[in-house]
Amino acid sequence: MSTKEDVALVIKWNGQEYAVDNDEICETHTIADLKIVICKKTGVLPERQKLLGLKIKGKPAGDDAVLKELRLKPKTKIMVMGSKEEDIAGISKSPEDLPEVVNDLDIPDEIDLPLANRHEYLQKIEKRVKEYKINVLNPPRSGKKLLVLDIDYTLFDHRSVAENANQLMRPFLHEFLASAYLDYDIAIWSATGMKWIEVKMRELGVSRHPDYKIVFYIDSAAMISIHTADYGLLDVKPLGVIWGKFEQYGPKNTIMFDDIRRNFLMNPQNGLRIKAFREAHKHRETDRELLKLAKYLKRIARLDDLSTLNHKHWTRMITDD
């Protein structure tokens, strides 16, 4: 960390960011010292904090690790998980009383925005195809369709506080991915940076699960901006970036799950708007969305052209056994 910067680190907790200045922490301090600073800012006791993504030589850093050994750059963002004592005891405001953080502007299902063939947007996609590098984690498999998944509010409740990532994981995540993997290659596309994708996938146990493999991650740098008269400037996830990189994937064999419809405005026939997973503590015992979607994916896996389906009505294609 550089003393020339006013901000040494940025802490992300409970959907908010807290700046840690150089006069509060320095590179000779330990992670235990940092946790004390975090406690002062968030109210989460050091023993309840879990700092994600901090490693030394590939291994998780302990509380006695010196910050200098982590080689953190100025303004590095560190995600913190953990609950305050009053939240655990149920003394403070319950989550339903807290102000809701809107997860970006979205477009109502009934509104059709014909954007897919706009020349200026196709040029942006072509530029992403040329310039954006996709790191293939596992090779695509012959004959498999492609499932593209969002993370936040789709697979993971990133706003709520918890002691560990498993408490914020959508129920049946691993069962869903294992089932989908039989018929689909699986990719992750998040509107965040690659660092956070890797951290979340590691903490959720997705990156090294024995029953399925992820072909690649895509981050916010592959998204493009589009302009609409009614909704202004929007950032979207054009599947054309993937199709331009991998000849085996295209409109006929790709489906994307996202809790925000606007993310697949460039490819509306290939997007399925999943019910957002929020307030994990309330819904982790009752949420069955991924089990139902696993059944839907199985039902459509043998179809020749997924783009002919209306994924808005996906529940009509499944029935309880």
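The values are calculated or read from the model by the stated rules, or taken from the named source; none is laboratory data. For clarity, every value in this text was computed on a predicted model and none was experimentally measured. Cβ placement follows ideal geometry from the backbone for every residue including glycine, while neighbour counts extend to all protein chains displayed.
Summary table
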read-out: Selection from the range 41-76 of residues that are farther than 16 Å from GLU163 by Cβ, of a type in the set (D, E, K, R) and without any contact (Cβ under 8 Å) to a residue 12 or more places away in the chain; value: LYS57, LYS59, ARG71
read-out: Matching residues in the range 213-245 - criterion: being buried (at least 18 other Cβ atoms within 10 Å of the Cβ) and assigned to a loop (DSSP other than H, G, I, E, B); value: ASP219, MET223, LYS237, PRO238, LEU239
read-out: Yes/no for VAL148 being β-branched (Val, Ile, Thr), modelled with pLDDT of 95 or more, surrounded by 12 or more Cβ atoms within 10 Å (Cβ to Cβ) and over 29 Å from ASP287 (Cβ atoms); value: no
read-out: Pick from the range 275-321, criterion of a type in the set (Asp, Glu) and closer than 16 Å to LEU146 by Cα, ranking: surrounded by the most Cβ atoms within 10 Å (Cβ to Cβ); value: ASP305
read-out: Failed item, numbered, when ALA187 is tested on (1) in contact with a Leu (Cβ under 9 Å, 6 or more places away or on another chain); (2) modelled with pLDDT of 95 or more; (3) over 23 Å from ASP305 (Cα atoms); value: (3)
read-out: Output for the range 139-154, where each listed residue is over 16 Å from MET81 (Cβ atoms) and not small (Gly, Ala, Ser); value: PRO139, PRO140, ARG141, LYS144, LYS145, LEU146, LEU147, VAL148, LEU149, ASP150, TYR153, THR154
read-out: The range 25-40 residues that are touching a residue at least 24 places away in the same chain (Cβ under 8 Å) and of a type outside the set (Lys, Arg), paired with ones that are assigned to a loop (DSSP other than H, G, I, E, B) and surrounded by fewer than 16 Cβ atoms within 10 Å (Cβ to Cβ) (beta carbon under 6 Å, 6 or more apart); value: THR30/ASP64; ILE31/ASP63; ALA32/ASP63
read-out: Those residues of the range 246-257 which are in contact (Cβ under 8 Å) with a residue 12 or more places away in the chain and surrounded by fewer than 16 Cβ atoms within 10 Å (Cβ to Cβ), in sequence order; value: GLN248, LYS252
read-out: Tally of residues being closer than 30 Å to GLU120 by Cβ and among the aliphatic types (A, V, I, L, M) across the range 251-305; value: 7
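Each row is one residue, and each column tells you yes or no for (1) under 19 Å from the mean Cα position of the chain (by Cα); (2) not hydrophobic (A, V, I, L, M, F, W, C).
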position	(1), (2)
ASN253	no, yes
ASP258	yes, yes
ASN267	no, yes
LYS275	yes, yes
LYS282	no, yes
LEU290	yes, no
LEU293	yes, no
LEU297	no, no
